[in-house]
Amino acid sequence: MTNSVLYSVLLLSSLGGIAAIILYVASKKFYVYENPLIGEVEDILPSANCGGCGSPGCKAFAEKLVNSEDISSLFCPVGGNETMKLISETLGKEVAEKDPTVAVVRCQGSCDVRPKTTEYQGPKSCAISALIYSGETDCQFGCLGDGDCVSVCKFDAMYMDESTGLPVILTDKCTSCGACVDACPRNIIEMRPRHKKDLKIFVGCLNEDKGGIAKKACEVACIGCSKCEDICPKGAVSMADNLAYIDPVICTLCRKCVDVCPTHSIIETNFPPRKVKKVETEIKANVESVKLNADA
């Protein structure tokens, strides 16, 4: 009995030793060297794994940064310039500084200005809806309202407004990862420069139909009248496919285009109230004075 136990112990020990030797040899033969800089760079990155950099995750992006001689075209939108500066110092490579951006929704066709003409009974997904039908309204270019953009946002920077049926972007939380841009089948979400105090001017419409058709589908649709293009002193507004577009790089935020838009399709955000001209104030005061005298 004792000999049997002893033989069993020796056999198992031998097998364990042989297995250990095989594993050791295999680990040496198939060992893959990883540059320790990859781990250092990955620790600097925000670990969002959002794909905004064009890589499937932060580790993959770290590998690309370490293994590329020129990283001037690579950028982490979530970490921004500060993160890229730290990476530059770690790797000793030059990086390009980029202006911060924020996502904007280029559609303001809420329920009160873009009436429904059909009712969709299928799965609540913008991607599926865009494939099988044109939408519940006569506008074939606007937001479908199923919230695909909100569901892919990893930073809680978006929500669906139940009263308007449109997504709302929380600028303070937006990291410019671009996930919502990729998720929208109608391409109504665009990354635009993040100005101080979140000042923005852009055309909140993508309807390429002619003026009358577009206006019938949505009260605030761009009708392609070109008034904004004519008045812009910097040439920041261009017309194409019956639609105006404001170049965010050229635009100086003067708001002249906003004043002349007959359908109010141009959106302005976070600007202070316009100052009432002195003449208009005097006229209003005179009118009120006349009314008071008449009542007396």
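The values are calculated or read from the model by the stated rules, or taken from the named source; none is laboratory data. Computed from a predicted model, the values in this text were never measured in an experiment. Cβ sites come from the backbone with ideal geometry, for glycine too, and all protein chains shown count toward neighbours.
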Exercise. Taking residue 108 as the residue in question, decide whether it is assigned by TED's automatic domain parsing to the domain that holds residue 200, over 30 Å from residue 246 (Cα atoms), part of a loop (DSSP other than H, G, I, E, B) and out of contact with any Asp or Glu (no Cβ under 8 Å at 6 or more places or on another chain).
Key: no
Quiz item: With (1) surrounded by fewer than 18 Cβ atoms within 10 Å (Cβ to Cβ); (2) without any contact (Cβ under 8 Å) to a residue 60 or more places away in the chain; (3) charged (D, E, K, R) as the list, and residue 198 as the residue in question, which single condition is left unmet?
Solution: (2)
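Quick check on the range 50-60. Is at least one of its residues of a type in the set (Lys, Arg), over 30 Å from residue 266 (Cβ atoms), at pLDDT 90 or above and part of a loop (DSSP other than H, G, I, E, B)? Don't jump to the end; show me each part of the working.
Quick first cut of the range 50-60, residues of a type in the set (Lys, Arg) only: 59.
Of the ones still in play, those that are also over 30 Å from residue 266 (Cβ atoms) are 59.
With the extra rule that they be at pLDDT 90 or above, the set shrinks to 59.
Remaining after also requiring part of a loop (DSSP other than H, G, I, E, B): none.
There is no residue in the range 50-60 that is of a type in the set (Lys, Arg), over 30 Å from residue 266 (Cβ atoms), at pLDDT 90 or above and part of a loop (DSSP other than H, G, I, E, B).
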Self-check item: For residue 175: the one exception among (1) surrounded by 17 or more Cβ atoms within 10 Å (Cβ to Cβ); (2) out of contact with any Phe, Trp or Tyr (no Cβ under 7 Å at 6 or more places or on another chain)
Solution: (2)
Quiz prompt | Selection from the range 96-135 of residues that are crowded, with 18+ Cβ neighbours inside 10 Å and of a type in the set (D, E, K, R) | solution = 106, 114
Quiz item: With respect to the numbered conditions (1) in a loop (DSSP other than H, G, I, E, B); (2) modelled with pLDDT under 95; (3) not small (Gly, Ala, Ser), which one is the sole condition not fulfilled by residue 128?
Solution: (1)
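From 87, 71, grab the single residue that is outside any loop (DSSP other than H, G, I, E, B), under 21 Å from residue 57 (Cβ atoms) and not basic (Lys, Arg).
So the residue among 87, 71 that is outside any loop (DSSP other than H, G, I, E, B), under 21 Å from residue 57 (Cβ atoms) and not basic (Lys, Arg) is 87.
Only residues that are out of contact with any strand residue (DSSP E or B) (no Cβ under 8 Å at 6 or more places or on another chain) and farther than 16 Å from residue 110 by Cα: list them for the range 164-182, please.
Keep residues of the range 164-182 that are out of contact with any strand residue (DSSP E or B) (no Cβ under 8 Å at 6 or more places or on another chain), which gives 164-165, 172-173, 175, 177, 179, 182.
Once the filter is applied, which keeps residues that are out of contact with any strand residue (DSSP E or B) (no Cβ under 8 Å at 6 or more places or on another chain) and farther than 16 Å from residue 110 by Cα, the range 164-182 yields 172, 173, 175, 177, 179, 182.
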Quiz item: Within the range 86-93, can one find any residue that is surrounded by 11 or more Cβ atoms within 10 Å (Cβ to Cβ), out of contact with any helix residue (DSSP H, G or I) (no Cβ under 7 Å at 6 or more places or on another chain) and polar (S, T, N, Q)?
Solution: yes
Quiz item: Consider residue 182 against the criteria (1) part of a helix (DSSP H, G or I); (2) surrounded by 17 or more Cβ atoms within 10 Å (Cβ to Cβ); (3) of a type outside the set (Gly, Ala, Ser): it satisfies all of them except one. Which criterion is unmet?
Solution: (2)
